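Note sheet for the following structure.
The values are calculated or read from the model by the stated rules, or taken from the named source; none is laboratory data. The structure presented is a predicted model; accordingly, all values stated were derived computationally and were not measured. Quick reminder, even Gly has a Cβ in these numbers, built from the backbone with ideal geometry, and neighbours come from all protein chains shown. Surface accessibility is based on the protein's heavy atoms, side chains included, excluding ligands, DNA and RNA. Shrake-Rupley method; radii C 1.70, N 1.55, O 1.52, S 1.80 Å.
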Amino acid sequence: MYSIGVDVGGTKICTGIMDETGTLMQSIEVPTLGVEGPESVIRRIKDTILAMFQHVSRDDVLGIGIGAPGPLNPHTGTILGPPNLPGWDGIRLPEIIQNDVSLPVYLDNDANAAAVAEHRYGAGAGAKNMVYVTVSTGIGAGLVVDGRVRQGATGSFGEIGHTIIQPDGPLCTCGNRGCLEALASGTAIQRNAREAFGRDMTAKEVAALAATGEARAQSILDAAFRYLGIGLVNLVNLFDPEVIVIGGGLSQIGEPMFRSLREALAANRFHPTPTKIRLCAAQLGTKAGVIGAASLPFVHQSQR
Ligand SMILES: [Zn+2]
């Protein structure tokens, strides 16, 4: 059997057919164009799914999985006003797609979908307890507890990005203050760089400048990674994982980030064997989203 995965991102929709071993047979990408509103984006999503049926018979497709930006409720299949997709609040995407394609359709947030992919086919393969953290513009997470990616009551299980690290800290996109995302994400690094240098710089530019020995850039990164380390220690003490997988654009900074995170984890006095927790980079790169989305029908089948 095959499944179809749809990764709905802020800038592009990536749709692919996958077999149960995690091999993508075909995939296509189209621009999301979120500004055109839900109707037009949903039409593009449907078109990419229909395009897949040119390569595989509908009878051989187990179902369709969709990964989309949160917040969303995976249990009811309702999208809840994501900042990247204006006008989507309350839309029941699986229901709409299901009416057209007559196959079961599953929805989960993009971080959970990527966690499913890394757990089944990537850096966390074989782990019983795994934490996946994606660090880019925001900070998202997907958590495997006793072999399953967990969703919680409303789909926001283990959302480390919005744990409060610094009360009275900078305002977060969620409305709270001092969330990890407001202190350690690419957006936080950009904000601190603008204050320090008086111009707009991407987090990657700040990292490149820090690598030349520039002290202000270095201290901005150090602060962000220190907060990220605190967030990981909190996750470890809450969920006791054997593997932590870090993905997202900022993880490409590589060793300077991982060194700092390893130090934070090793300094955890509570955990009995903190240096035995495996910290590694995500393996599936930009395809994690579509592979994870395509995994959702298989996950649902195995849990029935
Ligand atoms: Zn927040």
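For Tyr106, nonlocal amide neighbours, meaning residues 5 or more places apart or on other chains whose placed amide H falls under 5 Å from its own, are Ile64, Gly65, Ile66.
Under the convention that each Lys and Arg Cβ holds +1 and each Asp and Glu Cβ holds -1, the size of the dipole of region 126-282 around its Cα centre is about 180 debye. The dipole here belongs to the chain: it is taken about the Cα centre, uses +1 on the Cβ of Lys and Arg and -1 on the Cβ of Asp and Glu, and is about 560 debye.
Think of region 144-291 as a dipole: +1 on every Lys or Arg Cβ, -1 on every Asp or Glu Cβ, centred on the Cα centre; then among Thr202, Cys179, His271, His271 lies furthest on the positive end.
If you take the square roots of the eigenvalues of the alpha-carbon gyration tensor of region 95-234 and sort them as a ≥ b ≥ c, do you get rounded (a/c under 1.5), prolate (a/b over b/c) or oblate?
prolate
Between Ala188, Ala114, Ala266, the residue with the greatest mean-square fluctuation in the GNM of the chain (Cα pairs under 10 Å linked by springs) is Ala266.
Potential lengthening of the chain between Thr273 and Leu50 amounts to 75.3 nm, from the contour at 0.36 nm per residue minus the alpha-carbon distance. In the full protein context, region 199-304 carries 51 Å² of accessible surface per residue, based on a 1.4 Å probe and ignoring ligands, DNA and RNA. The value of relative contact order for the chain, using C-alpha pairs under 8 Å at least six residues apart, is 21 percent. Per residue of the chain, the DSSP helices (runs of n ≥ 4 H) give a summed -39500 (n - 2.57) that works out to -12000 deg cm²/dmol at 222 nm. In this structure, the pairs whose alpha-carbon distance is over 22 Å, taken from Lys12/Lys46; Lys12/Lys128; Lys46/Lys287, are Lys12/Lys128.
Choose one answer from Ala293, Ala264, Ala111: the residue with the largest mean-square fluctuation in a GNM of the chain with alpha-carbon springs under 10 Å. In this elastic network of the chain, the residue with the biggest mean-square fluctuation among Ala293, Ala264, Ala111 is Ala264. Farthest toward the positive end of the dipole of region 126-282, out of Gly248, Ile230, Val149, is the Cα of Val149, where the dipole comes from beta carbon charges about the Cα centre.
Tally up the carbon and sulfur contribution to the accessible surface of region 126-282 as a whole percent, 1.4 Å probe, everything protein left in place.
Of all accessible area on region 126-282, carbon and sulfur atoms account for 52 percent.
Largest first, how would His271, His75 line up by accessible area (1.4 Å probe)?
Sorted descending by solvent-accessible area, the residues read His75, His271.
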